[in-house]
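The values are calculated or read from the model by the stated rules, or taken from the named source; none is laboratory data. Since the structure is predicted, the reported quantities are computational estimates derived from the model, not experimental observations. As a convention, Cβ positions derive from the backbone with ideal geometry for all residues, glycine included, and neighbour counts pool all protein chains shown. Note: areas computed on protein heavy atoms with side chains; ligands, DNA, RNA excluded. Shrake-Rupley method; radii C 1.70, N 1.55, O 1.52, S 1.80 Å.
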Amino acid sequence: MDYKLSEIAKATNGQSFLYRDSSISHVFIDSRNMVPVEKSIFFAINGKRNDGHQYINELIDKGVRSFVVEEIRDSFTKNKKCNFILVKNSLKAFQDFAVWHRKKFNIPVVGITGSNGKTIVKEWMFFLLDGEKNIVRSPKSYNSQVGVPLSVFLMEKHHQIGIFEAGISQTGEMGKLEKIVSPNIGLITNIGDAHQENFKNQEQKVIEKLKLFKNTNLIIYCSDYEIIDKEISKLKSSKKLFFTWSEKKKADLEIIKIQISKNSTQIKAVFENKEINIQIPFIDKASIENSIHCWSFLLANNLFTEKITEKFKILPSIGMRLEMMHGENNCTIINDTYNSDLNSIKIALDVLKRQQQHHNKCLILSDVLQSGEKDDALYQNLESLVKSSNIQKFIGIGPKISNYFSKSLSNTSFYPDTESFISSNLFKQFSNEAILIKGARHFEFDKISELLQQKTHRTVLEINLEALESNLNYFRSLLSAKTKILVMVKAFAYGSGSYEIANFLEHQRIDYLGVAYTDEGVALRKAGVHLPIIVMNPEEGSYRNIINYNLEPEIFSFNSLLAFGKELEQYYRNSYPVHIKIDTGMKRLGFHPDEMDKLIEILKVNKYIKPKSVFSHLVASDESVHDQFSLAQIEIFKAAVAKLQKKVSYPIIRHILNSSGIERFPDSHFEMVRLGLGLHGVSSNKSSNLKNISTLKSHIIQIKWVKQHETIGYGRKGIIDRDSRIAIVPIGYADGLNRKLSNRVGRMFINGTYALIVGNISMDMCMIDVTDIEANEGDQVIIFGPELPINELADKLGTIPYEILTSISQRVKRVYIH
């Protein structure tokens with residue numbers, strides 16, 4: 001893409017205020033993204049909670065010079081060399097520009113929709129056709145009102161097929177996406193309950209989704225979904241072509257047998273009166289369905305070949321995930337070894353840039369395969385991208401990158417293949433740096449990842465940062481745009497990892513972080529976190545560190561007030577923000593409401609202490625039986641704050657609600673709320689749209705037969721009443737697995753089935769009964785996660801999810817999934 005600003009103004013129906021009619025090759029809407037500033041244009045989208053206009057001055061300072069805006073503020077024009085296109089609605093202009101760009105191409109474009117499987121089908125179609133066609137596709141799960149335009153902007157002249165997914169959450173959305181994608185081939189995966197809350201019924205949702213296919217020539221679908229079949233049947237009087245597949249009835253592709261073995265599935269079908277088959281390396285129902293969608297697309301478009309039949313056997317597991325974990329010598333490892341196309345490299349480099357805990361950044365990159373561009377142009381673009389990424393160390397692996405990459409970059413090294421790099425032992429020199437490992441699957445970069453990551457046992461706590469972001473956005477949707485958010489990251493961020501979560505939240509532009517103790521706040525500052533941080537339980541001996549590291553203490557008593565004031569007078573001698581705690585009923589820390597007059601008098605004469613917020617805690621915000629008490633607490637709090645507010649000349653921030661309170665007391669959000677466990681997907685509100693973010697998983701290291709009446713584990717507590725297959729799992733109470741789950745109290749999830757814990761849980765391992773389960777050594781075991789909610793464990797133990805999460809040992813490896 002290379003357009004003049006005057007062309008963009010015409011496409012968006014905007015009014016031009018141009019210093020120069022520059023050429024633009026990159027469009028972006030997120031000011032945090034890394035872009036080539038000279039040839040980029042920023043669309044300042046004004047959303048429900050975020051206004052892109054507030055980041056324009058920051059972008060001007062970074063060198064961006066071209067903007068699409070809804071208003072031109074005085075501060076924008078201080079730099080006279082900036083270009084502005086003024087429009088009525090930036091989002092509509094962004095979409096209109098994408099429509100204009102899409103019309104430049106006359107190639108087959110596939111539009112994929114459905115409730116589930118869109119991203120997997122898209123990625124598998126790309127995998128199967130890669131090398132046969134030059135393909136452009138949606139990055140990650142870019143299927144929203146802004147994600148789809150961003151995807152379409154990736155279309156270039158050398159592409160031969162476009163594959164884009166489109167998702168909706170309410171009526172009226174798909175019509176806009178149809179104009180942008182303008183597909184001539186449509187594929188709908190299935191229909192389910194996702195986003196059902198905004199539709200009357202599934203039929204209405206199917207009708208909305210099918211609007212994507214308004215102008216397609218061909219629609220591909222599974223006719224076993226009755227609602228989909230019924231609605232598509234209404235279109236069959238048109239000139240469209242249809243390709244169906246079914247396990248139950250006559251179809252273009254009739255599935256006659258699905259044979260599942262240990263690690264693969266054989267799928268047999270009849271197509272054009274001939275029996276054909278494929279084999280896939282998966283056994284789950286969703287993967288089988290997704291593979292048949294891909295198969296149908298290939299058959300319908302005469303693209304199915306013997307070579308592609310072989311590629312079905314090695315379909316990759318598409319987690320669409322970028323993993324982040326602790327490495328040796330205090331390094332952070334970012335493992336993204338699925339592919340290495342130019343766009344995914346940009347996305348991964350953005351993640352690398354965010355690792356503020358390390359000054360030094362390293363990129364290990366393979367050859368870029370099947371880009372469709374000429375090698376000299378491709379690697380020239382790649383080199384420019386690397387140069388603009390503030391990388392201190394670059395390692396190129398592969399014959400092409402070694403040949404085409406300039407040696408002008410400082411601290412670079414090149415190797416013909418992965419084995420040569422490993423043999424060099426260079427990896428042993430990494431220390432105190434963030435390392436991005438980015439390579440095509442062909443280069444087997446997982447070997448490098450295994451060498452660099454911290455050596456811990458294979459029990460892992462996975463933290464899904466996409467789900468965390470979704471939960472944050474859920475709570476944001478409940479709040480006014482003016483309400484600030486404080487996120488609690490105390491106790492190692494509820495076991496999830498303090499600086500990793502804090503770093504991610506800073507990128508999400510939350511307002512405050514909260515920690516329990518000063519040491520936690522100091523650690524975040526040392527890790528490069530710049531957000532304001534409240535210390536909830538400051539101890540008198542830590543006040544000097546609070547000041548040195550720009551932390552903000554809770555003041556909860558007259559002793560703490562006078563002691564911190566004395567420290568400021570002796571050491572700082574300037575006003576300093578503090579947060580006043582009121583005890584409205586918890587009977588824990590805090591000033592009693594009757595002490596407000598005395599507190600105000602002391603604050604009057606202390607010129608150094610500046611109350612920035614006043615807050616309290618509800619005793620039982622998650623229990624409706626105590627709502628009258630909660631409401632009484634809120635009234636006491638409002639009265640106490642009102643007294644203080646009368647005596648100061650600036651507005652004081654008020655906050656009393658935690659996660660449950662945000663959902664249950666919307667009239668008391670005040671100026672700020674506190675998010676804790678709700679961000680981790682735990683809620684007392686069963687109808688909330690929160691997602692689980694944490695999955696504790698391990699694997700089976702041994703399976704043995706135990707005879708009837710024999711015992712298992714310490715104390716001979718696990719008595720077997722029949723001959724049984726017992727699996728040993730390397731997780732014990734030293735890892736945070738509570739011993740009270742022993743002897744058939746607790747259970748784990750393996751291969752789609754629950755297995756009871758038998759015998760006493762040991763320090764480092766436990767045993768589960770897999771007699772009636774198809775299980776093998778090496779199989780994954782889930783201790784808690786989406787399949788086994790943490791609330792269930794908490795109920796069995798008579799405790800709360802907080803305790804379980806914070807009990808997970810530090811020796812359990814944390815892996816962060818993007």
Looking at region 718-744, I want the residues that are free of Cβ contacts under 8 Å to residues at least 40 places away in the same chain and closer than 13 Å to Leu696 by Cβ and have a partner that is outside any helix (DSSP H, G or I) and open to solvent by 90 Å² or more (accessible area, probe 1.4 Å) with Cβ atoms under 6 Å, at least 6 apart or on another chain. Which pairs are those?
Gly732/Met763
Being closer than 19 Å to Gly162 by Cβ, among the aliphatic types (A, V, I, L, M) and part of a strand (DSSP E or B) narrows Val68, Val99, Val136 down to just Val136
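Does Ser75 meet the test of being open to solvent by 20 Å² or more (accessible area, probe 1.4 Å), in a helix (DSSP H, G or I) and touching a strand residue (DSSP E or B) at 6+ places or on another chain (Cβ under 7 Å)?
So Ser75 does not fit the description; no.
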Matching option when the condition is of a type in the set (Asp, Glu) and within 30 Å of Ser498 (Cβ to Cβ), among Glu323, Glu226, Glu275, Glu254
Glu323
Within region 9-25, identify whether any single residue is crowded, with 18+ Cβ neighbours inside 10 Å, touching a residue at least 24 places away in the same chain (Cβ under 8 Å), in a strand (DSSP E or B) and hydroxyl-bearing (Ser, Thr, Tyr), and answer yes or no.
no
Looking only at region 310-337, count how many residues are out of contact with any strand residue (DSSP E or B) (no Cβ under 6 Å at 6 or more places or on another chain), assigned to a helix (DSSP H, G or I) and surrounded by 15 or more Cβ atoms within 10 Å (Cβ to Cβ).
2
Determine the pairs where a residue that is in contact (Cβ under 8 Å) with a residue 24 or more places away in the chain, located within region 211-229, has a partner that is open to solvent by 60 Å² or more (accessible area, probe 1.4 Å) with Cβ atoms under 7 Å apart, the partner being 6 or more residues away or on another chain.
Asn217/Leu241; Leu218/Leu241; Ser223/Lys249; Asp224/Glu247; Asp224/Lys248; Ile227/Glu203
Only one of these is crowded, with 16+ Cβ neighbours inside 10 Å and within 22 Å of Val673 (Cα to Cα): Ser624, Ser616. Name it.
Ser616
Among the residues of region 779-795, are any open to solvent by less than 10 Å² (accessible area, probe 1.4 Å) and in a loop (DSSP other than H, G, I, E, B)?
no
Go through Glu254, Glu231, Glu197 for me and flag whichever is of a type in the set (Asp, Glu), outside any strand (DSSP E or B) and surrounded by 14 or more Cβ atoms within 10 Å (Cβ to Cβ).
Glu231
Could you list all residues from region 338-360 that are within 20 Å of Thr418 (Cα to Cα) and not in a helix (DSSP H, G or I)?
Tyr338, Asn339, Ser340, Asp341
The correct count of residues that are hydroxyl-bearing (Ser, Thr, Tyr) and modelled with pLDDT under 85 in region 342-383 is 2
For region 165-179, which residues satisfy the criterion of being touching a His at 6+ places or on another chain (Cβ under 9 Å) and either farther than 15 Å from Lys211 by Cβ or open to solvent by less than 30 Å² (accessible area, probe 1.4 Å) (or both)?
Gly167, Ile168
So, in region 50-72, of the ones that are out of contact with any strand residue (DSSP E or B) (no Cβ under 7 Å at 6 or more places or on another chain) and among the polar types (S, T, N, Q), which residue ends up most open to solvent (accessible area, probe 1.4 Å)?
Gln54
So for region 143-156 (the condition being free of Cβ contacts under 8 Å to residues at least 40 places away in the same chain and farther than 22 Å from Leu322 by Cβ), does at least one residue qualify?
no
From the residues in region 513-532 that are closer than 20 Å to Ile555 by Cα and of a type in the set (D, E, K, R), which one is least open to solvent (accessible area, probe 1.4 Å)?
Glu520
Across region 680-722, which residue is surrounded by the most Cβ atoms within 10 Å (Cβ to Cβ) among those that are charged (D, E, K, R) and closer than 20 Å to Val745 by Cα?
Lys697
